[in-house]
Amino acid sequence: MESSRSVYVRFPVQETVEIKEISDIRDAVKKMVNCYADKSDTHEFSYRLLLPRGEMLTTKAKRIGITAQAEFLLALRRKNLKPNLRDIRYVHDVDHYGWIFVHPGVHDKFCANPQYKKSLQDDSLE
């Protein structure tokens, strides 16, 4: 039985990037760093990565996710940008894990939204 969808599926992000292979990480990280550089001063950064999910893909998804996170943080430090992020890992859908990198203020604003609180209550009733 598939669990109910995560409320984070509806989390507001600047962009969602699907990473299927290790070779896709470089382009995704480049986009994320550029977005972070643009949005970090205004505390509006939020970005979603979709990683492969499936019976034979869990180890691959973990490797891709950890590599992407390390590359992203390293790239931020190389540009002298101080990371101020939360990361949220969740099951996005049947074929994907989701990994959101977000400024804490954006996350707090989302969690304070009455619709978010209502969806949490609705999910607990199922």
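The convex hull of the Cα atoms of the range 7-125, projected and averaged over all directions, covers 7.6 nm².
Computed over the range 1-75, the convex hull of the alpha-carbon atoms projects to a mean area of 5.7 nm². Can you give the relative contact order of the range 7-125 as a percent, counting alpha carbon pairs under 8 Å and 6+ residues apart? Once divided by the residue count of the range 7-125, the mean separation gives 30 percent.
Since every read-out is calculated from the coordinates, none of them should be taken as a lab result. Here the structure is a predicted model, which means the values were calculated and not measured.
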